[in-house]
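One structure is given here, and the rest of the page talks about it.
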Amino acid sequence: MQEPVIGIDLGTTNSAVATVEGGRARIIPSRAGGRLTPSVVGLDGDGERVVGTPAQRLAEDQPGSVVWATKRFLGRRCTPELLQEAKALVPYPLIPGPTGDARVNLGGKVMPLTQVAAMILGELKLDAQAHFGRKVSRCVITVPANFDDNQRSATREAASIAGLEVLRLVNEPTAAALAYGLSTSFQGNALVFDLGGGTFDVSILEVRNGVFEVRATGGDSTLGGEDFDQRIVQWLVAQVEEPMREAVAKDTSSLRRLKVAAEVAKRELTEKQESLISVAALGDYTSTTRRLTGVETVLTRAFFETLSEPLSRRCLEVCRTVMQDAKMDPHAVDVVLLVGGMTRVPLVRRLVADFFGRAPSTEVNPDEAVALGAAIHADELVRQSGAALLLDVAGQSLGVGVLGGRVKKLIVKNTQVPVVARDIFLPSRSGQAEVRIPIYQGEGEFQDDNHKLGEVVLKNLQVGHRAETQIEVTFALSSESILSVRAVDLKTGVAEQVRLEARPSLPAPEAAKLSQEQARYTTSQAWEDSQQGQEKLRRLLEKGEKLARLLQRGAQENPSPEAQAAVTTIRTLLESSRAALEAGNPEQCANAARQLTQVLSGRQA
Ligand code: AMP
């Protein structure tokens, strides 16, 4: 039997893993019990790693021992601007690594962000291995459509540390569209509205005959569910009685507990019209004359909507800009796909429906769509079954640095790739024998606002007046988003070419060491998981035996062919489960456990 393949949504707030089973994409539950794994990593008091829900719990007691939302900084250079940006977003500091990458300090250990991402990926891999009872090493991973080469390369590096072979990186909106079934019968324009915990992304896809083309992308990387929670927190703080209000507003522990309560209330208001919020013992814990207070209040859905409407409207502003970029009118959108847990909020759905003049599609769980789509694509790739053709666009503009500190763009953002673009440039001064052509990526008008990718150096030019030295610069951007730049002196034919591939963020020996460390962890964890898998099967067997006795009694009291068939099914299943346990075969045990769980929950085996 072929080794299974998985699809992974490596998210900013939550991650998920899925697979195609029996022709359907399904989420693989985490060993901790949920369907999503919080993208949180920590080190506990013994220096042991904790990932996901346990790390989230650790964050409540020891916020300094965990990091989260590190995807925001993955694959980015640790510049002063990034440090500044991080300061505004997260309480933990970023630390520059030896190759200019960003790192974090976890319990006194400085870790590259690719290692943090590898820990999350490693956990998802272990979840998948526990589900199948066998080794899993091939996957499709999703990335935001506007991830640049370095961010994509860092994602691949993280996968490699986690012992995963990446069959392909797929853009998140494209994966979502696959999950919504757009590869089969849909033709037209799909808008993917992705509002997660910390970021908002909008993408427009054109789908024709199973060909997916990202036509435009945009977003706001500082707008997400957290902001909605903060609106509620501010409102709660305003209700604290004077003179305690200021102390509560400054106390990090009080604010953290208010935030947890705010998020619970926000979720509740998706289903109900009111939510009771009660948080006790708020105040200044650092003061010696400690005085504490509490808030108890009811938040109605209507008032939550008043509080958060400006944020939802900001999402629509982003949609408007992306529509303009794509030169499209909201009514040219044929389908609106919702992605991200925040799109469950009724107000968000209502505003989206009003803006586009159509109700958004809601038939897939918005926080699972990306992982499900990744699994569908992974399955198509291994079966080579007329896989959907995924066409991409340049996520960011590419250009050449020119006089006045400006950038002349050769390839503008959202141009379909592969693409070739050329232009003529003159040396900055007359009499130059050598020119350096700096290459920039980004949307800023000035070089300082863009990211410098590298430069082409053209030597042995014929010295003369600057107007006589015409240099043709050609940018070729491949479908894998690798940029080749060629510069030619048109007079002499002297030419130079560079390939600007994303640099790996870690030195090779360090990456190899981390891979070995991760492999050791995976092996020991997989052994523990298989023991726990057997334990779980034993418990299921006991329940299954009770069910078999019940069905047997039922069949005796009310005999029928169906009742007898149900008894035979469960007995056969129990027999094969016992055989799997006796053989100690992890794959058979996992299969048996899955089937027994289905039967016990009233579903078909
Ligand atoms: P994601 O990054 O897609 O996992 O989205 C996480 C965000 O969605 C968080 O801000 C959650 O509070 C929010 N969220 C998840 N489920 C719900 C719900 N049922 N109602 C409101 N917000 C939700």
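Derivation of every value follows stated rules applied to the coordinates shown; laboratory data play no part. Given the structure is predicted, the values throughout are model-derived calculations rather than measurements. Positions of Cβ are generated from backbone atoms using ideal geometry, with glycine treated the same way; all protein chains shown enter the neighbour counts.
The table below lists the values:
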read-out	value
Computed magnitude of the charge dipole of the chain (debye, nearest 20; Cβ of K, R +1, Cβ of D, E -1)	500
Gain on full stretching of the segment that runs from residue 353 to residue 79 - 0.36 nm per residue minus C-alpha separation	94.6 nm
Label-point separation in nm, residue 601 to residue 460, each point 7 Å along Cα→Cβ	7.0
Sequence ranges 343-354, 373-384, 15-26, ranked by mean other-Cβ count within 10 angstrom, highest first	373-384, 15-26, 343-354
Loop-resident sites, the range 396-448, for trypsin sites (Lys or Arg not before Pro), counting at most 15 other Cβ within 10 Å (DSSP)	429
Efficiency of FRET from Cβ geometry, residue 272 and residue 582, R₀ 51 Å, rounded to 0.05	0.55
Inter-part distance where the range 529-605 and the range 159-229 are each reduced to a Cα centre, Å	40
Exposure proxy order (Cβ contacts within 10 Å, fewest to most) of 260, 170	260, 170
Calculated FRET efficiency for the pair residue 362/residue 320, C-beta based, R₀ 25 Å, to 0.05	0.65
Loop GluC sites (Glu not before Pro), the range 450-496 (other Cβ atoms within 10 Å of the site Cβ: 13 or fewer; DSSP)	480
The range 186-216 residues near the modelled residue 327 label - backbone nitrogen below 17 Å, point 7 Å along Cα→Cβ	189, 204-206, 214-216
Gain in span if fully extended, residue 61 to residue 472, counting 0.36 nm per residue against the direct Cα distance	141.9 nm
Crossing angle, helix 346-356 versus the chain [Cα axis fit, 0-90 degrees, rounded to tens]	40
Pairwise FRET efficiency - residue 221 versus residue 48, Cβ, R0 = 45 Å, nearest 0.05	0.90
Label-point separation, residue 482 to residue 434 (7 Å along Cα→Cβ), nm	2.8
Extension gain from residue 546 to residue 420, taking 0.36 nm per residue of separation minus the Cα-Cα distance	38.5 nm
Set of the range 44-61 residues, backbone N closer than 14 Å to the point 7 Å along the Cα-Cβ line of residue 532	49-55
Whichever lysines have a C-alpha closer than 21 Å to that of residue 546, once near sequence neighbours (fewer than 8 apart) are set aside	536
Angle between the chain longest axis and helix 561-583 axis [Cα atoms, degrees, rounded to 10]	70
For the range 307-386 versus the range 105-126, the gap between their alpha-carbon centres in whole angstrom	30
